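Structure first, then comments.
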């Protein structure tokens, strides 16, 4: 396997200025600026595994033959290495976690200091290489269909807008479920309708609730 992949200047910019999606970019309060050493350490490890470095959704994303494998990202209290098909990885060290309660495929590993990354480097590289082998083998996560019923207000909107129904059904099961849970979480019908209206364009654009 190729090692030491080329650094992407867009990731250099991310590390210097942040993702640019909020007014805190290039300030000490930017989440990226709170974990620069950790992010750089994770970047080095991933690049040494031979993945292609890109920027997607405003964060560093690493691909194998144009297929997404892992991302590195910063949060207020930690930074993370996230695997798109983490559910298929072995987790002998019990360090993988679901990013959300309803997440089916992705898994992430949290870090709050560089020492954690240094100590786990062999494990991280093994997991990244395993994720690459999963892509080579063409393995896919078997998504469970959402058991939650589609709220009446969304069904009504589908009847009014067939294109919305088509776009919704084209989303991944995880994205569909996230929308259903969010829409259904409102107690009043008017609130459910308002939530649906707000996200119609995102659904038509093929985007998830948090994309």
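The values are calculated or read from the model by the stated rules, or taken from the named source; none is laboratory data. Here the structure is a predicted model, which is why all the values come from computation and not from measurement. Using ideal geometry, Cβ is built from the backbone for each residue, glycine included, and neighbour counts are taken over all protein chains shown.
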Report yes if some residue within region 27-41 is in the same structural domain as residue 108 (by TED's automatic domain parsing), farther than 28 Å from residue 119 by Cβ and surrounded by fewer than 19 Cβ atoms within 10 Å (Cβ to Cβ); otherwise report no.
yes
Residues that are over 24 Å from residue 101 (Cβ atoms) and free of Cβ contacts under 8 Å to residues at least 24 places away in the same chain, at least 3 per element: which helices (runs of 4 or more DSSP H) completely within region 136-189 meet that?
152-160, 162-170
State yes or no: is residue 78 surrounded by 22 or more Cβ atoms within 10 Å (Cβ to Cβ) and either under 18 Å from the mean Cα position of the chain (by Cα) or free of Cβ contacts under 8 Å to residues at least 40 places away in the same chain (or both)?
no
Within region 101-115, the residues that are touching a residue at least 24 places away in the same chain (Cβ under 8 Å) and either surrounded by fewer than 18 Cβ atoms within 10 Å (Cβ to Cβ) or in contact with a helix residue (DSSP H, G or I) (Cβ under 6 Å, 6 or more places away or on another chain) (or both) are 102, 103, 104, 105, 106, 107, 110, 111, 112, 113, 114
